[in-house]
Amino acid sequence: MTTDDFRRIALSLPNTEESSHMGAADFRVAGRVFATLASVKEGYGNLMLDVEQQTLFVGDAPEIFQPIKGGWGRMGATHIRLAEADELTLTGALRAAYNLRIQKRAGTKKATRRKTL
């Protein structure tokens, strides 16, 4: 897969917008980043997963997925090796990151609503 494939698939998800942070393309839903192309020079796309999802992806396909180094990686941020991924794998990984952001956003709205009641 390529960065163009990453972008195409990410933007095919409902209500996704492409933006930029510190010169790198990122993909957002409801204003929240779920994927970036910040590590494209190294051949990676980045996914904002949670630790449980990261463990499953890395465990199933360590040749494709690896935690991002440092604190972001310890919180679930994960590299996907674009050259090693196929369309189904990349689509599934992007969809997982996207769905996580949607779920977190829904949880935030519920928590905010409860506080104001």
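A short reminder: the numbers here are calculations on the coordinates, not readings from a lab. Treat the numbers as computed from the prediction; the structure is a model and nothing was measured. Positions of Cβ are generated from backbone atoms using ideal geometry, with glycine treated the same way; all protein chains shown enter the neighbour counts.
Between residue 38 and residues 5 or more places away or on another chain, which pairs have amide H atoms under 5 Å apart, with H built 1.01 Å from N, and which residues are they?
46
If you place +1 on the Cβ of every Lys and Arg and -1 on the Cβ of every Asp and Glu, how big does the dipole about the Cα centre of the range 3-105 come out, in debye to the nearest 20?
Once rounded to the nearest 20, the dipole reads 460 debye.
Please give, to one decimal in nm, the separation of the simple spin-label points placed at residue 21 and residue 86, each 7 Å out from Cα toward the Cβ.
3.2
In a GNM of the chain with a 10 Å cut-off on Cα contacts, which of 22, 48, 75 has the highest mean-square fluctuation?
Between 22, 48, 75, it is 22 that shows the largest mean-square fluctuation.
Relative to the present Cα-Cα distance, how much length would full extension add between residue 51 and residue 5 at 0.36 nm per residue of separation? Please list the in-between numbers first.
Values: separation 46, 0.36 × 46 = 16.56 nm, distance 2.51 nm.
Full-extension gain reported as 14.0 nm.
State to the nearest 20 debye the size of the charge dipole of the range 9-52 about its Cα centre, where the only charges are +1 on K and R beta carbons and -1 on D and E beta carbons.
Here the size comes out at about 100 debye.
Expected output is a single nm value to one decimal: the length gained when fully extending between residue 39 and residue 58, i.e. 0.36 nm times separation in residues minus the C-alpha distance. What is it? Mind showing how you got there, number by number?
On the way: separation 19, 0.36 × 19 = 6.84 nm, distance 1.75 nm.
So the extension gain works out to 5.1 nm.
Each label point is 7 Å from the Cα along the Cα-to-Cβ direction; what then is the distance between the points at residue 99 and residue 74, in nm?
2.9
What order do you get for 28, 105 when you list them from fewest to most C-beta neighbours inside 10 Å?
Fewest to most other Cβ atoms nearby, the residues stand as 105, 28.
Antiparallel DSSP bridges in the chain: what percent, to the nearest 5?
So the antiparallel bridges amount to about 100 percent of the total.
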